[in-house]
Amino acid sequence: MTNLPKTSAWQALAEHASEQREITLAQRFGTDEGRFHKFQLKAPGWFLDYSKNQINDETVKHLVALAEASQVSTKFNAMFKGEVVNPTEGRAALHSALRYQGSDAIRVDGEDVVPGIRDVLDRMSTFANKVRAGEWLGFTGKPITDIVNIGIGGSDLGPLMATEALQPFAHDALNIHFVSNVDGSHMVSTLKKVDPETTLFIVASKTFTTIETLTNATTARDWFLESKATENDVAKHFAALSTNAEKVSDFGIDTNNMFEFWDWVGGRYSLWSAIGLPLMLCIGPEQFQRFLSGAADMDKHAKEAPLSENMPVMLALLTIWYSNFFGASSHLIAPYDQYLHRFPAYLQQLTMESNGKSVHVDGSSVSVTTGPIVWGEPGTNGQHAYFQLLHQGTHLIPADFILAMESCNPCGNHHELLIANCLAQTEALMKGKSTDEVAAEMAAAGVPPEKIDALKTHRTFEGNRPTNTLLTQRLDPYALGALIALYENKVFAEAAIWDINPFDQWGVELGKQLATTLYDDMQASVSNGKPVDSHDSSTNGLINHINAARNILA
Ligand code: G6Q
C-alpha cells in the first residue's frame, strides 16, 4: 500500500508549501526579474510559461524529487513499451504506438502491433481519399456530401473536438456531423440536414454494445431504408470503427467497411486509431499524418526529457502542488481559440475519467485528493461570464491559458485583441489590484472620498491566482496532435504519482448497467400495468410518475 503523505518527498513538499503559501505571486515577480526565463519550457510545437505559479527554485526541486520517488520515468517507459499498465482490465495502454513514427517493434503478448496499426491506417487512407475525391458513390451514384459519426464518450469527444479544431484544414465539400446522445432529438435534428443518397454513416464503438450508439445507429439505418435504398445499399452508406467484428456483422455492416482497433486502446485515448476516421475524412490522410507526428514527437519528449524540463511532467506536478498542498479542487482550461471550443469538454473526459479514482493500483484507499474537476470555455467568452469568480471569488482555481500566436483567419486587429485579452487576464490574475491602488485610481478620477470608502473593497482584486500559458505558432494538425499528447502524458504522470490506474472506468461501466435494468423495469410496468416497486421510494415514485404522465399505464 502506498502511503503518499508518509513519504519523505511528500513531507518535504508539505513543509515547503506552508512557507510558500505566505508569498504572493506579485511579491515573487517583484523580487525576481528572471522568473519568466527561469520557469519556461519548450516541447514539440509548444512553449510553456509557468512563471505565474506559486513556486520558486526550491519548489521545482521538491516537485521533481516527488516525481523521481514515484518512478514517473520508469512508469512512462512501461507504458510506451506495452507493459500491462491497466491491471484491473489486464491490458497495456498503447495509444502511443498508434502514432509511433519509428521502426522498432512494439510488442503486446509477444506480437509486434506496429504492422497491424499501419495496415489499418493505409486502409483508412484509401477509403478517405475515395470519399474526399467524390469517388465513393452512394446508392444512386452520387458522391458523399455528409458524414454522420455515431458514437459516444471516447468514440465521439475526440474526433468531434479535433474536427472542430482543424476546420481551417477541412475538405470544403464534406459536412461532418456527430450524433452521440440517445436523446432522439440529436439524431432527428441531424437527419433533417442530410440526404440518404449522399450520406455516409460511421458507427464508432469500441465494444459495439453501447446502447446509445446502437440505438442511434438503428434509427439511422431505418431512416436510410425508408428512402429508396435497399438492404444491399447499406454497404455503401455504413462503415464501422470497432474492435468487435462479430457484433459489427450482426448489426448488418459489411466487415469490409470495418476499420479495426484493439483492446489495448482505451476509449478516451482512441482518437489516434480508426476512431480518428472522421478527422481523417475532414483533413485528409496527409494532414492526419502530421497530427500523428505532433503526438509522436510529444511522446518522445515525455519519454526522454529530464523531469525538470519535461512539459507534461511539470504540468502534472503543478496540478499536484495545487490539488494536494493548496486545496484547489478544480482546474480551468481556457483556450483563447474559437476552434478549440470543444477542447475543455474533451479534456474533462480525458482527465476526470482517467484520474477520478479513490483507490491505488493495489486496491487500497487513497489518502490524498486525486484528479481535479476540469472545466472551461474559450476566451474571450469566459471573461464575460465566470471569470468574475476567478478574480474575486473564494476558490483557488489554477488555469491553463492556451493561445496560437498566429491566426488561421487573419482579419483586422482581431488576433491582436485576442492576444491582448489572454495576456491581460493572466497578468491581472497574478497581480491583482490592492485597496490602496483602487482608492488612488478613484481619487484621481475625482470620485468623492465617501464613495471611495464605500466601493474600494468591492473593487479590490487580491491577485495571486496561478496560471500557465501555453503558446503555439499556429493551431495546425501537428500542434493539435502535440497538445493532446501533452495532456494525455500529463494525466499519466499525475496518475503515476498518485499511484492510481488512469486507464479503467468502472463508473462509466456502472452507468451502462444501471440504465439497462431501469429501462427493463419501466417497460415491464408499461406492459403489465403494475407500478414499479423494486427500487427505492424516490426512484419508484419517479418512474411511476413519469409513466402515468405519459399516459402509458394500462
Ligand atoms: C472511454 C470510456 C467511454 C467509452 C464510451 C463508448 O474511455 O470507456 O467513454 O468510450 O462508453 O464506448 P464504445 O466505444 O465501446 O461504444
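Results, tabulated for the structure shown:
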{"quantity": "Qualifying residue in the stretch 90-112 (condition: surrounded by fewer than 20 Cβ atoms within 10 Å (Cβ to Cβ) and closer than 30 Å to residue 427 by Cβ)", "calculated": "no"}
{"quantity": "Residue in the stretch 528-547 that is outside any helix (DSSP H, G or I), in contact with a strand residue (DSSP E or B) (Cβ under 9 Å, 6 or more places away or on another chain), open to solvent by less than 80 Å² (accessible area, probe 1.4 Å) and under 30 Å from residue 365 (Cα atoms) present", "calculated": "no"}
{"quantity": "Top-ranked residue of the stretch 200-214 - restricted to ones that are assigned to a strand (DSSP E or B) and of a type in the set (A, V, I, L, M), ranked as nearest to the ligand (Cβ to nearest atom)", "calculated": "204"}
{"quantity": "Enumeration of residues in the stretch 1-22 that are under 21 Å from residue 465 (Cα atoms) and open to solvent by less than 60 Å² (accessible area, probe 1.4 Å)", "calculated": "13, 14, 16, 17, 18, 20"}
{"quantity": "Search result, residues across the stretch 1-34 that are among the acidic types (Asp, Glu) and either at pLDDT 95 or above or outside any loop (DSSP other than H, G, I, E, B) (or both)", "calculated": "15, 19, 22"}
{"quantity": "Restricting the stretch 341-365 to residues that are open to solvent by 30 Å² or more (accessible area, probe 1.4 Å) and either in a helix (DSSP H, G or I) or touching a Phe, Trp or Tyr at 6+ places or on another chain (Cβ under 9 Å) (or both), the residue that is farthest from the ligand (Cβ to nearest atom)", "calculated": "357"}
{"quantity": "Every residue from the stretch 250-270 that is open to solvent by 20 Å² or more (accessible area, probe 1.4 Å), more than 14 Å from the ligand (Cβ to nearest atom) and assigned to a helix (DSSP H, G or I)", "calculated": "250, 255, 256"}
{"quantity": "Tabulated pairs, the stretch 171-199, first assigned to a loop (DSSP other than H, G, I, E, B), second loosely packed, with under 13 Cβ neighbours inside 10 Å, C-beta under 9 angstrom, 6+ apart or interchain", "calculated": "195/142"}
{"quantity": "In the stretch 424-455, residue surrounded by the fewest Cβ atoms within 10 Å (Cβ to Cβ) [restricted to those that are in contact (Cβ under 8 Å) with a residue 40 or more places away in the chain and among the polar types (S, T, N, Q)]", "calculated": "426"}
{"quantity": "Filter result for the condition that a residue is open to solvent by 10 Å² or more (accessible area, probe 1.4 Å) and part of a helix (DSSP H, G or I), over 331, 301", "calculated": "301"}
{"quantity": "Close pairs from the stretch 376-396: first more than 18 Å from residue 427 (Cβ to Cβ) and touching a residue at least 40 places away in the same chain (Cβ under 8 Å), partner surrounded by 12 or more Cβ atoms within 10 Å (Cβ to Cβ) and of a type in the set (Asp, Glu), Cβ under 9 Å, at least 6 apart", "calculated": "376/400; 378/337"}
{"quantity": "Selection within the stretch 380-421 - among the hydroxyl-bearing types (Ser, Thr, Tyr), open to solvent by 50 Å² or more (accessible area, probe 1.4 Å) and in contact with a His (Cβ under 8 Å, 6 or more places away or on another chain)", "calculated": "none"}
{"quantity": "Hits in the stretch 470-485 (condition: open to solvent by 10 Å² or more (accessible area, probe 1.4 Å) and within 23 Å of residue 318 (Cβ to Cβ))", "calculated": "471"}
{"quantity": "Top-ranked residue of the stretch 486-511 - restricted to ones that are of a type outside the set (Phe, Trp, Tyr), open to solvent by less than 10 Å² (accessible area, probe 1.4 Å) and under 13 Å from the mean Cα position of the chain (by Cα), ranked as nearest to residue 294 (Cα to Cα)", "calculated": "486"}
{"quantity": "Hits in the stretch 426-462 (condition: outside any helix (DSSP H, G or I) and of a type in the set (A, V, I, L, M, F, W, C))", "calculated": "445, 447, 461"}
{"quantity": "Scan of the stretch 339-363 for residues that are polar (S, T, N, Q) and either modelled with pLDDT under 95 or touching an Asp or Glu at 6+ places or on another chain (Cβ under 9 Å) (or both), ordered by number", "calculated": "351, 354, 355"}
{"quantity": "Test: residue in the stretch 121-129 that is modelled with pLDDT of 95 or more and within 16 Å of the ligand (Cβ to nearest atom)", "calculated": "no"}
{"quantity": "Subset of the stretch 482-510 (residues that are β-branched (Val, Ile, Thr) and at pLDDT below 95)", "calculated": "508"}
{"quantity": "Residue within the stretch 228-235 that is within 15 Å of the ligand (Cβ to nearest atom) and over 13 Å from residue 147 (Cα atoms) present", "calculated": "no"}
{"quantity": "Filter result (in a helix (DSSP H, G or I), more than 19 Å from residue 401 (Cβ to Cβ) and open to solvent by less than 30 Å² (accessible area, probe 1.4 Å)) within the stretch 35-71", "calculated": "59, 60, 63, 64, 66, 67"}
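The values are calculated or read from the model by the stated rules, or taken from the named source; none is laboratory data. Keep in mind the model is a prediction, meaning the values are calculated, not measured. Counting neighbours? That spans all protein chains shown, and the Cβs are built from the backbone with ideal geometry, glycine included. The accessibility values were calculated without ligands, DNA or RNA, using every heavy atom of the protein model including side chains. Shrake-Rupley method; radii C 1.70, N 1.55, O 1.52, S 1.80 Å.
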